[in-house]
Structure formats: C-alpha cells, structure tokens
1. Under a plain spin-label model, where a point goes 7 Å from the Cα along Cα-to-Cβ, how far apart in nm are ASP302 and ARG150?
2. Could you give each residue of the stretch 257-266 its phi-based ³J(HN,Hα) in whole Hz, using Karplus coefficients 6.51, -1.76, 1.60 with θ = phi - 60°, and x for Gly or Pro?
3. Order the peptides 119-128, 56-65 from the highest to the lowest mean number of other Cβ atoms within 10 Å of their residues.
4. In sequence order, what are the phi-derived ³J(HN,Hα) couplings for the stretch 189-196 according to the Karplus relation 6.51 cos²θ - 1.76 cosθ + 1.60 with θ = phi - 60°, rounded to whole Hz, with x for glycine and proline?
5. Can you give me the distance in nm between label points at GLN24 and LYS266, each placed 7 Å from the Cα along the Cα-to-Cβ direction?
6. Amide H to amide H, which residues 5 or more places from LYS28 or on other chains are under 5 Å from it, using H placed in the peptide plane?
7. At LYS123 and PHE224, where each label point lies 7 Å from the Cα along Cα→Cβ, what is the point-to-point distance in nanometres?
8. Name the long-range amide H neighbours of LYS123: under 5 Å, sequence gap of 5 or more, or other chain; modelled H, no Pro or chain starts.
Amino acid sequence: MTGTVYKSTGSWYTVKTELGAAYQCRIKGKFRIKGIKSTNPIAVGDNVDFELETNNDETTGVIHNIHDRSNYIVRKSVNLSKQTHIIASNIDQVFLLITIDNPPTFTSFIDRFLVTAEAYSVKTILLFNKVDSYSEETLDEVRYLAHVYRQIGYECIGISAETGKNVDKVKALMVDKVSMFAGHSGVGKSTLVNAIEPGLDLKTKAISSQHSQGQHTTTFAEMFDLSFNAKIIDTPGIKGFGVVDMDKEEVGDYFPEFFKLKQDCKFNNCLHIEEPKCAIKAALDTDEIAYSRYRSYLQILDGEEAHYRTDNWDNE
C-alpha cells in the first residue's frame, strides 16, 4: 500500500492512503536514507510504501520504502549538532510568520530560514502577523522589512489572524497546494490556521510574559486536509534555525540579490568580504543590498550559532 505521512511522533507515523484510510505505521528495522544524517528518517509529507500486519486484533503498518522527495526543509538538530532534523517534505510553499515584537522575529532568523528554503527549492511567502496591534512606529518597521524582502522577490503580506485581515488572501494562495506554516512560538501560527479553517481547532497559548516568547503548543509537525482542497503542515515553534551543510562558496547563491550580481565580481570565487572589485559590496554601498541581509550572510559564513536570536537592525 502507498500513502502520505501526516504525523510523526518519533517511533510511530500516521499514514493516510489516497482513499482516506489512516494507519499507524512504524519503520521496518534500521531505516536510513542515503546521504541524509537525520534524527528522523521519515518526515511529514513523505510518500511511503507500507504493508499491513495484524497482532492481537490490531492492524498496523510497516513502512518499507520511501519515495523520492521533490524537496524538504531541514535544520540542525537542537541536541545533536552533527545531525539534521527534516521538518517536512514535498512542500509547495512555506508561510513564514513574522512578528516585530511579542515575540520579536529577528532578521538573522528570517534570513537563515530563507537561505535554507532557497537551498532546498522551497518557495517562501512572508506573513507579517499581528498588524492590528502595532503602533504607527512599529508598522513603519513592518513596511520597511516588507520593502526589503519584496525588492529581493519575496511575496510579503501584512495580516492579522485575530481580526481576519488578509486571511482570505492567504487562503487563496493555499488552494490545491501543500503549505507549511513556520515561525517562532507565539507568532500566531495556530491562531492563523484556526482563522483559515475554524473546524481544526488547533491549540493556542498566550505569550509567556517572562521572556516574551511563545509557549510551544505544537510538539510534532502534522499535516491536515482542509475543506477548500488544500493541505497544511503545522510545525512546532522554531527557536533557532541552524543552517545545514553549506560550503562557504555556495551560501551567497541562496541570497537571490547576491546571486544576481555575483557575475560582476572580479573573482569567480568571491566571498564578498575582503576581495577587491566585489559587486555585492558595491551594491551594499548604494543601498541596493540591505545591510541586515549582508550581516546575516557574514554570520552564516562564520557559523555564528549564537546569532539565531539576535537582531541585525540595531547594529547598523
């Protein structure tokens, strides 16, 4: 039998067939995918082959094959730095939810996420949530950020999951697609999903006032079928986002605005740091490239893991 993984809880996987039957499945023996050192060999979104077996009147499945993935999104595992964690696979698009405060989403996090999405061919749309609650000054920050990312080519939408502002816009983009929702805990993922499909009733939690960070409500990624012919993958809140297995020479290729200019650099292997006649540094001087993006790039090159949650805007 063949089906799609809708939920993974570590040792068991909920697999749904095309006819809509769901089975609890486990992996057959040691199951490793070539070339991927991952804490989870099978991820939500994977298409798998499985066989049914019945023990004590209970029918479960055994997964024996995983189909090739069209893409996946991956980050460094939190506890095992050498290992990676595949968040989800076979995704048509990711909606990255961003809040300016309560909790803050820093540009270093946004850029790490976007670089990873570019590297694994996942389209990303930026959703600036909670716009109903911001002061005019904070809204100016949203407008500036949206301007920076629109210039690069990313779609940016200001939304309010609470009031419903532009939720219909997001919904329209989701039809006939598998969409993943990501962002820090507390940015309003579950509230937005509930606004899009009230019947799902995902759990939401208030922001922890002690650290103004969200409290984790989703512990595992999970896929849901929606009533308007769309699928959504809800993910746990992500604190840091470790970039995985990239050579220094290729990092700049995943910054689209760098990639566009790199043929104008004097050296083919220019890292855009100290080299003379660098087109990226020249564009930085004319504000064609945002300083925050360049700073994120340098941090990724340096492997500055501590900068997952630091702001780039305060350091100009």
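1. About 3.2 nm separates the two model spin labels.
2. Going residue by residue, I get 6, 6, 4, 4, 9, 5, 5, 8, 6, 4 Hz, with x marking Gly and Pro.
3. Numbers: 119-128: 19.7, 56-65: 12.8.
Result, highest mean Cβ count within 10 Å first: 119-128, 56-65.
4. Taking θ as phi minus 60°, the curve returns 4, 5, 4, 5, 4, 5, 5, 6 Hz for the stretch 189-196.
5. Taking the two extended label points, one gets 6.6 nm.
6. Sorted by chain and number, the residues that satisfy this are ILE63.
7. Simple spin-label model gives 2.3 nm for this pair.
8. Sorted by chain and number, the residues that satisfy this are VAL94.
Bear in mind that the values in this text are calculations on the coordinates, not laboratory data. Being a predicted model, the structure only gives us computed values, none of them experimental. For neighbour counting, all protein chains shown are included, and Cβ atoms are generated from backbone atoms with ideal geometry for every residue, glycine included.
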